[in-house]
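Please treat every number below as a calculation from the coordinates, not as lab data. Every value quoted in this text rests on a predicted model; they were computed, and no experiment measured them. Don't worry about glycine lacking a Cβ; one is built from the backbone with ideal geometry, like all the others, and counts go over all protein chains shown.
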Amino acid sequence: MAMTNVQEMSMNGEQPPAEYIVKECRFGSMDSSPPLADEIPIIDISLFSPSSPQYSEQAENHELQKLRSALSSAGCFQAIGHGISDSLLDKVREAAKQFFALPVEEKEKYPRAVHGGAEGYRNDVVVSEKQVLDWSYRLTLRFFPGNQRRLHLWPQNPNDFGYMLHEYATKVKLMIGIVFKAMAKSLNLEDNSFAKQLFGDQSLMQARFNFYPPCSRSDLVLGVKPHMDRSGVTCLLQDKDVEGLQVLIDEKWVRVPILPHAIVLNLGDQMQIMSNGIYKSAMHRVVTNAERMRLSVVLFNEPDPETEIGPVEDLIDETRPRLYKSVMNYASINSESYYRGEIALETVRI
Ligand code: OGA
Ligand code: NI
């Protein structure tokens with residue numbers, strides 16, 4: 001099938017073709033404007049570092065409690081106190097905006113193979129019959145380990161794109177390290193219980209830039225279908241002006257509010273596996289907006305494909321038997337389940 005031109009359809013206000021129309025809701029309802037979430041807490045990451053001026057044991061414990069309750073229900077929170085300056089966050093958003101504003105021919109210089117190749121620029125394509133397409137374009141780049149960067153896929157325009165991304169991803173990686181420790185602490189585990197599986201030298205970080213053009217039928221079409229990330233953790237920089245991200249909590253969708261200086265942190269499947277199901281991989285989706293485009297910049301952290309991950313031993317006991325098998329290369333398990341229309345986590349359950 002030819003590449004459908006979402007951008008052109010968007011500009012002409014055309015009716016989206018059938019393959020974009022969401023026909024059934026496997027999760028929650030389609031209603032594109034549910035209530036704003038009040039279950040998604042704002043967590044101050046700086047309170048997890050004894051060296052920070054605001055630190056006290058009491059403040060840390062309070063934050064750990066919020067973390068535990070958020071991750072065992074919604075699987076996500078908004079991180080502040082992450083030490084990444086507002087101006088850097090704005091520059092990252094700006095670089096993404098400039099890239100997507102390039103003429104189509106420019107962007108297609110960074111193409112991505114339809115099957116297999118995960119990196120590069122592309123809109124959603126059909127891989128299975130039952131699939132409903134996402135109203136979006138994505139640029140995906142592997143970032144860490146540094147020696148796996150495919151620099152020929154990195155935009156040269158804007159010319160500081162690579163520099164910005166490097167600055168940002170390096171800082172996010174530091175933040176993830178702090179969050180892994182805090183997550184372990186919140187479950188009374190040794191500090192490195194999660195980090196040692198998920199965060200070795202060879203652990204992967206992938207960047208994904210999402211662009212959602214306006215859609216005249218935002219009531220029928222999704223920017224991203226309901227899904228759980230395959231990652232360990234995902235760090236998401238939302239658009240400053242246009243909402244769109246929603247999370248499923250207790251079978252109901254809630255909107256994730258925009259906090260311009262916060263980074264939305266959600267868990268992916270591999271963290272649910274490692275925490276033996278105590279912490280949840282967030283089920284989330286993105287709705288389209290009828291008038292305005294939306295951008296987001298997402299960093300996914302996951303172990304390298306050769307590292308085996310599994311539930312942390314101390315989280316397994318008689319009252320809480322082992323829920324998941326140990327697995328390697330969850331990325332491929334995940335994509336195979338996707339092609340078959342299955343939920344990946346279910347396939348690795350004991
Ligand atoms: C994703 C995703 C959400 C967003 O890329 O996996 O869920 O707000 N993106 O763009
Ligand atoms: Ni996602």
Completion exercise
Taking a ≥ b ≥ c as the square roots of the Cα gyration tensor eigenvalues, with a/c under 1.5 meaning rounded and otherwise prolate when a/b beats b/c or oblate if not, the range 191-308 comes out prolate
Handout entry: Charge context of R285, other residues only, Cβ under 10 angstrom, K/R +1, D/E -1
Key = 0
Exercise for the section: Order by neighbour count: M328, M293, fewest other Cβ atoms within 10 Å first, most last. Expected result: M328, M293
Exercise for the section: Go through the range 157-172 residue by residue and turn each phi into a ³J(HN,Hα) via Karplus (6.51, -1.76, 1.60, θ = phi - 60°); whole Hz please, and just put x for glycine and proline. Expected result: 9, x, 6, 9, 3, x, 5, 4, 4, 4, 4, 5, 5, 5, 6, 5
Fill in the blank from the handout: Toy charge model, Lys and Arg Cβ at +1, Asp and Glu Cβ at -1: the range 34-347 dipole around Cα centroid in debye, rounded to 20, equals 680 debye
Handout entry: Hz values of 3J(HN,Hα) by residue in the range 48-54 - Karplus curve (6.51, -1.76, 1.60), Gly and Pro given as x
Key = 8, 10, x, 7, 7, x, 7
Fill in the blank from the handout: Classified through the alpha carbon gyration tensor (a ≥ b ≥ c as square roots of its eigenvalues; rounded if a/c is under 1.5, else prolate when a/b is larger than b/c, else oblate), the range 34-347 comes out rounded
Completion exercise
Lys pairs in the range 193-350 with Cα under 19 Å (8 or more apart in sequence, or on separate chains) total 5
Practice task
Would you pull out the residues with amide H under 5 Å of G223's amide H, same chain only if 5 or more places away, H placed 1.01 Å from N?
Solution key: W135, V286, V287, T288
Completion exercise
Going residue by residue through the range 132-142, the Karplus relation 6.51 cos²θ - 1.76 cosθ + 1.60 with θ = phi - 60° gives ³J(HN,Hα) values, rounded to whole Hz and with x marking Gly or Pro, of 9, 7, 7, 7, 7, 10, 9, 10, 10, 9, 7
Problem - Net charge of neighbours whose Cβ lies under 12 Å from the Cβ of F180, counting Lys and Arg as +1 and Asp and Glu as -1 - result: +2
Handout entry: Amide N of the range 250-271 lying under 15 Å from the label point, which is placed 7 angstrom from the Cα of I80 along Cα→Cβ
Key = 257-265
Exercise for the section: Once you've got the GNM for the chain with C-alpha springs shorter than 10 Å, pick whichever of E190, E19, E105 has the biggest mean-square fluctuation. Expected result: E105
Completion exercise
Going from the fewest other Cβ atoms within 10 Å to the most, one would list F144, F180 as F144, F180
Fill in the blank from the handout: Residue-normalised 222 nm signal for the chain, counting each DSSP H run of n ≥ 4 as -39,500 (n - 2.57), nearest 500 deg cm²/dmol, is -8000 deg cm²/dmol
Exercise for the section: With springs connecting C-alpha atoms under 10 Å apart, model the chain as a Gaussian network and identify which of R150, R320, R208 has the largest mean-square fluctuation. Expected result: R320
Exercise for the section: Can you tell me the 0 to 90 degree angle between the C-alpha axis of helix 330-340 and the longest principal axis of the chain, rounded to 10? Expected result: 50 degrees
Fill in the blank from the handout: Two pseudo-spin positions, 7 Å from Cα along C-beta at N329 and at V104, lie apart in nanometres by 3.6 nm
